[in-house]
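The values are calculated or read from the model by the stated rules, or taken from the named source; none is laboratory data. What you see is a predicted model; the values in this text were computed from it and never measured. A quick note on method: Cβ atoms are made from the backbone with ideal geometry, for glycine too, and the neighbour counts reach across all protein chains shown.
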């Protein structure tokens, strides 16, 4: 069956989508992304936070790769890229709970 690969026009963007057709010609889309650069960034952010004794009103909670944002949208209906998302305290609280329980390796600080 045919297989289509879609990659963005941006060179450094590592998100890749594939549309695969099974034997019944049902289309299935898979999104893949190398999240290692994000995990490395989280590690650096944690180290910087530990080395910086200054308290700030705002703290970075997590680094969320696009592929994880898509998964959260599909599983929980939370569109973290929506312009009004951060204004909905219940949705933000739900997102934090999801990240803590399912993606703890993405957490910078709690």
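Key figures for this structure:
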| quantity | calculated |
| --- | --- |
| Within the stretch 64-110, considering residues that are more than 12 Å from the chain's Cα centre (by Cα) and buried (at least 17 other Cβ atoms within 10 Å of the Cβ), the one nearest to residue 30 (Cα to Cα) | 91 |
| The lone exception for residue 39 - which of (1) at pLDDT below 80; (2) not in a strand (DSSP E or B) it fails | (1) |
| Any hit, the stretch 36-58, residues being touching a helix residue (DSSP H, G or I) at 6+ places or on another chain (Cβ under 8 Å), within 22 Å of residue 15 (Cβ to Cβ) and surrounded by fewer than 13 Cβ atoms within 10 Å (Cβ to Cβ) | no |
| Flag if residue 95 is part of a loop (DSSP other than H, G, I, E, B) and either in contact with a strand residue (DSSP E or B) (Cβ under 8 Å, 6 or more places away or on another chain) or without any contact (Cβ under 8 Å) to a residue 60 or more places away in the chain (or both) | no |
